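Readers should treat all values here as calculations from the given coordinates under stated rules, not as data from a laboratory. Fair warning: this is a prediction, and the values are worked out from it, not measured in the lab. Backbone-built Cβ (ideal geometry, glycine too); neighbour counts: all protein chains shown.
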2 protein chains.
Amino acid sequence: MKELLNKRIDIINSELKKYLSPVYPEIIYEAMGYSVFAGGKRMRPLLLLGACEAVGGNVDDALPFACAIEMIHTYTLIHDDLPAMDNDDYRRGKLTCHKKYSEDIAILAGDGLLNLAFEIMLETAASKKDFRYVDAALTIGNLCGVKGTVGGQTADLLSENKKADEKTLMYIHDKKTAALIQAALKAGAIIGGGSEEDIGRLEAIGYDMGIAFQIKDDILDITSTTEILGKPVGSDYKNNKTTYVSVFGMEKAQKDYEMLSERAARGLKDFSDNSSFLYEYSKLLTARIN
Amino acid sequence: MKELLNKRIDIINSELKKYLSPVYPEIIYEAMGYSVFAGGKRMRPLLLLGACEAVGGNVDDALPFACAIEMIHTYTLIHDDLPAMDNDDYRRGKLTCHKKYSEDIAILAGDGLLNLAFEIMLETAASKKDFRYVDAALTIGNLCGVKGTVGGQTADLLSENKKADEKTLMYIHDKKTAALIQAALKAGAIIGGGSEEDIGRLEAIGYDMGIAFQIKDDILDITSTTEILGKPVGSDYKNNKTTYVSVFGMEKAQKDYEMLSERAARGLKDFSDNSSFLYEYSKLLTARIN
């Protein structure tokens, strides 16, 4: 597993590098590349490849989409970190894009990455002449737009400095975190040629996995250390953010996290003959300590 | 002509309204809609529909893409107006998105519009099961990303407060202005089922038209009045912006503007039996006084 994981990460990184090879005006490519290579764990691309494989597809076919979803994830981080949004100077221990470059370049780098992701997906669909790629791109598009992550980030901003209710919290966790994880699994399954049923199952597993991942995030903000986490602990509390823990309490958070991650793991364990990578990786993911 | 023009503008506006009908969290749809309905003349959508018609296609088929390209145009304006970019409080006499709402919402409204444009194009391709829509979406994507408008805006930022050379100026005018006009004509021609030759001709005309449009913009910044223009005249000069006039002088600017707009008009005049709308509209466009 460890070997295959590293091999896949290497392939994803080398493809990402190709897409971001600088031409004039170089600084925008550099800023895009800086954030794409600022320590991301390639979680969404790995899930996308794993889902493609799990339904019997060829992971090479899904590689462009794996890169595209990482670019989309990165663009959301760059824009979320901006002074007008979360105003973060550091992410994963490195300067954020607007601190390393400037605010204008960071806005454009985010725009460029979002646009490039769609270019890559469309280019793949156009050259392979296969509507599966159109459906997969639409899936990702729907889950990262105003009905997905953009909507989630909006709701998150609106709930700042006031106690969000359960419904709002679940909307934010669903749209801001789970949506792109669902998108990865669903798009991977579509590209891999999965049946309607398989695609639906992986989408549901993506939801459980995404919410579990976010609950763990909320828990770690309280129980971890700054050293392990790579960002200040207690920042949610300090920033008066509504979290799963603040709404439901630590005990229920821990219980729900366990229930959801176990349900996701159970769904993947016997999913197919080819789902062992996805199963093992999902276990790594939900067991995360940072 | 006038009647058909107004009819098409009405159809575009009513379609745009449908796409932007607010659901939770409403404020983001409102901000997106605010800027989309802040007085845009629908130039790019009208060109896209006209190109589709000129090659013998049905304009109804191109309507979703007409809306998509207007959303992309609007997103570039919202982000360009941000404090970290051009820092404009007004556009077309109305408050800019970040002044009307807030900076964070404006960033997300731009992101949401760009993403929604791709969702609409992909949805059309997926439901019509026709690769022409994929090719048209890819054309637009390529011309509005880092190799297009995002690159152009980057070069524009880099050239601020220093005299850009001819090559840089032409890069900026090409990518920042002409690219989306070319995209409109080329995508329209693709959707309309135009031949390779027709698509190429309209793309070339789009370049002439786009550069002519921008030269006129640079000229009007000096010769017009604030009242007619709806924005302060002399703002390029005041902001130390390199323009066609500052690089080549007013005489050559006027001459080149005339040459390019006439060449574009000539190319459209006898383009086909169905190109009269596009021809008439292009003449209106290059003769603009604001």
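Would you tally the net charge around residue B:236, using a Cβ to Cβ cut-off of less than 10 Å, leaving residue B:236 out, and scoring K and R as +1, D and E as -1?
-1
If you take the beta carbon distance between residue B:30 and residue A:3 as r and set R0 to 41 Å, what does 1/(1 + (r/R0)^6) give as a FRET efficiency, to the nearest 0.05?
0.20
Can you work out the PRE-style zone for residue A:128? Point 7 Å along Cα to Cβ, and I want the residues of segment A:18-50 with backbone N under 12 Å.
Inside the label zone: A:49.
Taking N as the number of residues in segment A:148-290, what value does Rg over Cα atoms divided by 2.2 N^0.38 Å take?
Cα-based Rg divided by the globular estimate yields 1.09.
Around residue B:91, which amide H atoms from residues at least 5 apart in sequence, or from another chain, sit under 5 Å from its own amide H, with H modelled in the peptide plane?
Distant-sequence amide H within range of residue B:91: B:96.
Once Rh for segment A:2-286 is found with the Kirkwood sum over Cα pairs, what is the Stokes-Einstein diffusion coefficient at 4 °C and 1.567 mPa s, in µm²/s?
After rounding, the answer is 68 µm²/s.
Placing one identical point scatterer on every Cα of the protein assembly as shown and ignoring solvent, what is log10 I(q)/I(0) from the Debye formula at q = 0.07, 0.10 Å⁻¹?
Normalising to I(0) and taking log10 leaves -0.42, -0.84.
Modelled label-to-label distance, residue B:89 and residue B:227, 7 Å Cα→beta-carbon offset: nm?
It is 2.2 nm.
Starting from the alpha-carbon convex hull of segment B:1-121, give the projected area averaged over all orientations, in nm².
Across all orientations, segment B:1-121 yields a mean hull projection of 7.6 nm².
When you take every Cα atom in segment A:116-159, what is the radius of gyration, and what is Dmax, the widest Cα pair distance, in Å?
13.3, 44
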